[in-house]
1. Looking for whichever is in a helix (DSSP H, G or I), over 15 Å from B:I158 (Cα atoms) and of a type outside the set (F, W, Y) here; the options are B:E97, B:E13. Which one fits?
2. Those residues that are over 24 Å from the mean Cα position of the chain (by Cα) and either in a helix (DSSP H, G or I) or surrounded by fewer than 17 Cβ atoms within 10 Å (Cβ to Cβ) (or both), I need them from segment C:144-155; list them, please.
3. Output the residues belonging to segment B:343-394 that are in contact with a Ser or Thr (Cβ under 6 Å, 6 or more places away or on another chain) and under 26 Å from B:M328 (Cβ atoms).
4. Which members of segment C:114-139 meet the condition of being without any contact (Cβ under 8 Å) to a residue 24 or more places away in the chain and crowded, with 19+ Cβ neighbours inside 10 Å?
5. Residues in segment B:535-548: is at least one of a type in the set (D, E), crowded, with 22+ Cβ neighbours inside 10 Å and touching a helix residue (DSSP H, G or I) at 6+ places or on another chain (Cβ under 7 Å)?
6. Look at B:P585 and say whether it is over 30 Å from B:Y313 (Cβ atoms) and touching a helix residue (DSSP H, G or I) at 6+ places or on another chain (Cβ under 8 Å).
7. Kindly list, by first and then second residue, each pair from a residue in segment B:244-263 that is farther than 15 Å from B:W282 by Cβ to a residue that is among the acidic types (D, E), limited to pairs with Cβ atoms under 6 Å and residues at least 6 apart or on different chains.
Amino acid sequence: MSESEFDPRPYASVLDDREDHAPGDEPVEDTGHWVLNSNIGLGFSVILTLAAFALANSQIMYAPAIPVALIVLAIAQMGVHLVFFLHVTTGPDNTNNVLALAFGLLVVFLVVLGSMWIMHHIAGNMTPMSRMADVPF
Amino acid sequence: MFGKLTWSAIPWEQPIPLITSLVVVLILLGVLALVTVKRWWPYLWREWITSVDHKRIGVMYCLLGVVMLIRGFADAIMMRSQQALAIGTSQGYLPPEHYDQVFSAHGTIMIFFGAMPLVIGFMNFLTPLQLGVRDVAFPTLNSVSFWLTASGALLVNISLFVGEFARTGWLPYPPLSESTYSPGVGVDYYLWAVQISGIGTLMTGINFVTTILKMRCPGMSYMRMPMFTWTAFAASLLIVAVFPILTATLAMLSLDRFFGWHFFTNDLGGNPMMFVNLIWAWGHPEVYILVLPAFGIFSEVFSTFSGKPLFGYRSMVMATLFICVVSMMVWLHHFFTMGAGPAVNAFFGIASSVIAVGTGVKIYNWIFTMYGGRVRFSVPMLWSLGFIFTFVIGGMTGVMLAVPPADFLVHNSMFLVAHFHNVIVGGVVFALMAGIDFWFPKAFGFRLHEGWGKTAFWFAFVGFWVTFAPLYVLGLLGMTRRLQHINFPQWTPWLYMSVVGVGILILGVISQVVQLVVSIRDREKLRDVTGDPWDGRSLEWATPSPAPFFNFAVMPNVEGEEAYWGIKLRAIETQRLGPEPQYEPIEMPVNSVVGFYTAVFATVTGFSLIWQIWWLAAVGLVGAFIGFVVFAWRDVHEYHVPADEVARVDRARRAARLALLERIAEREAST
Amino acid sequence: MIDTSLPAAREVARRAHEDPYRLGHRDHGAGPVEGAGHGETGPARKRIIVGYGFWIFLLSDIVMFACFFAAFAVERNATAGGPVMSELVEMPRVGWETAALLLSSYTCGLSFAATNARSKLWTQVFLIITGLLGLAFVLMELSEFIGLASRGITPQRSGFLSAFFGLVGLHGLHVTLAGVWLATMLAQVQVKGFRPEIVHRLICFNLFWHALDIVWIGIFTIVYLIGAIT
């Protein structure tokens, strides 16, 4: 933070493997590596996206399994984004990032799956609309 | 031109809000006049309003919280007295449409604008000091957070004299809160006040998670952090995890109300029960956000005033993280009766019982901390002992409520009301009182008067039980909550006893005020000259009182679990302080008006959205955006404190510590 | 605070020698630095702090999206006699929106590579391309909403439609705000160059834009693809 003027040091030597990184920030890699990662990430993402669209519009799988397959493809693509575009890795310099991500995912699953489970049961216990006329007052 | 706002929004026909508003406005004008006459504005502007210092922001949060606690308490007095008066043929003095606003305001203010600001204020003040660093990760964001919370509090208070407040309780369940059944502005006041302050709180959570994980002084690994910092971390994680749920749910309700959408309506596919589900997915972790830092305060107090390190530090950390995670898995216990069925109810009932294990571990650790120590019955220790007794009973009633069949009988009865006041007052409020007494000298340089502190404690403790124990009985006798009128005369003796308790609590509040006045008057006698008035164990006690704006002249290098205790013992053993460090210039963040500015425009935007004055809302939003851009364009973020100023402040600190060392040596020599 | 008279203090001296920590937020100096990832060597550098703080904010934003996903999941059949999801989906448009956002994510990554290489020109070029692709996405989505509205398919029609417009609209709102942010960053990079705080903001912007694409993966899969076939 004694960087109130233009930082004179070349970036390659400033942030290295011994310090934590934030996601999406890996200046120790040179530009070539970064672009390569982006290219690989784009490639995989395009494949997964095309696969998902193709699957949704086709009949090649047992129909009830298609939503499951689509979700698997989506999770895979999210993983591709995280690894290739955001550089979230399992290195010790990324531990905090992975833990934070895991915590966030836990909350997401609790909220979404918990709500679905709870509301499904509540809805199941509601008086069916056809019987509403029988309910007194 | 002015949307729904007309002159009839002012409660001309309702004497209580009218007179209250008049009095408040007069007091406000008086304060502003006093500050102007005494020319305090430059000082206030420079040192407080635009400050990004975590200590100043912490004090402002606590001040906001205390003032709002008093307003919430006034609502409580009105509720208890109304229920004691309106029995049988008598109607009391608060008509239902007014009483409903009182209990809604009471809950909203106490939780969002009383307890949360106080807890966050403590987190703000203490965390960087305990971590041995100079400020939080994002100091300007911290200032924005505070001012947004203040903006929300202002909106709630404006509702008293312009318009009305919500009548839906502190959580506005649909369909009552939908525009069909609450067409007025009350629910909108609630929504915008809570949304604006919720954004502030979320930013606080982000700030503290980052600070605690990424900014600690050298040597302070995770397992060397003080217990309060661990609980602040767990609470901040919870804030980051669940406040977005609050934002999303209230946004959905706002869309329903403003634009006629159907998330939670009764018709066209809306699902009111989804609101209840989502809001409690926020609401339960919220109470753990309040209580975990309270537990942290108690950990500090118990170890300091028993003269022993905290018993079972590792298990305390485990218990804290356990509570943090499991608190997000129990929320259905707030609506067992909504019909999810036995399987779902059983899961959440078991989880709610299991979470008590974490707290049990903590209670035993505190008791074992006292065992074998030299316990000093100071004011903070009294509050802590009162907490153990009160909170354990409240927690036990909680486990009773966690059993779904039992909950079916007492859900939304006075038993529930007694339970949650038991744990919130016994847990959070007692902790805040203990913490205020404990850390007041660190913030202001002089201790609080002990006699009045003990008086205040006893009034509060006795008053609490006299107020709330009858409510347990009333709940079991079948009384539901939020009643404006009582039809059963057999409840009368309990209601009267409760009002007597409120009277005792009023004496407690008065004692606290007297304590403050007396302490300020006698501040030279109560001055804390060394910075360590209680023989403390964590790093904040290494600084002078009040702490200098840069906290530490040299960042300490931590070697053991109780960072300051080791340093102190070594100094006492060797009869001297460490050598004078090499003083270097320090970088500190500059003050910024952006917090205050954002809050002004947030208030304008919120008020205009409530009253549907669309052009004013646009002005507010555009103004806020311009503020962001101007702030983002600034070139100067930090300034340097020259080394000799750092040296001057620190040498004064060392001189005071040397004097303390000599006093300790004399004491040891004479014993 | 170096006291050499006690054994414990020798450890302090060793640390001071091997780990010459500085005051404030400056570098840890040349030489071996211990304890990567555990924060034992003092506060992290500002770049890490800013990036991590923004990562935490992103996770909170994802929780907010999760609530809207939950509302969609719960109210997906609450059509109140109105239109169902399969009547709303126009597969080609969804495909183009997805392509636009995915490519914009790619060009955003490239612009950050250019930032690392300190090339102002390529940073700006790729940022502009990112912005244009994002704008295309928003315009396509707006035309989708307007088209639906002209068929009488509005959020006021049913709980399901409220949940649909809420979720997709929230994402579109985020993309729009990110676009405003992008425009601001273009201006700031142009005027101020690659000052550290500008680079920090570009890191945050990168994170935000990628996260929006990740959320879109969830939306197009769950809302559009799965919605079209059930």
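The values are calculated or read from the model by the stated rules, or taken from the named source; none is laboratory data. Since the structure is predicted, the reported quantities are computational estimates derived from the model, not experimental observations. Cβ atoms come from the backbone with ideal geometry, glycine included; neighbour counts cover every protein chain shown.
1. B:E97
2. C:I146, C:G147, C:L148, C:A149, C:S150, C:R151, C:G152
3. Correct list: B:V361 only.
4. C:A114, C:N116, C:F126
5. yes
6. Considered against the rule, which asks whether it is over 30 Å from B:Y313 (Cβ atoms) and touching a helix residue (DSSP H, G or I) at 6+ places or on another chain (Cβ under 8 Å), B:P585 comes out as yes.
7. Going by the 6 Å Cβ cut-off, the qualifying pairs are B:D256/B:E178; B:F263/B:D256.
Yes/no matrix, rows are residues, columns are (1) modelled with pLDDT under 95; (2) out of contact with any strand residue (DSSP E or B) (no Cβ under 7 Å at 6 or more places or on another chain); (3) over 26 Å from C:L135 (Cα atoms):
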position	(1), (2), (3)
C:R45	yes, yes, yes
C:I48	yes, yes, yes
C:F54	no, yes, no
C:S60	no, yes, no
C:V63	no, yes, no
C:G82	yes, yes, yes
C:F112	yes, yes, no
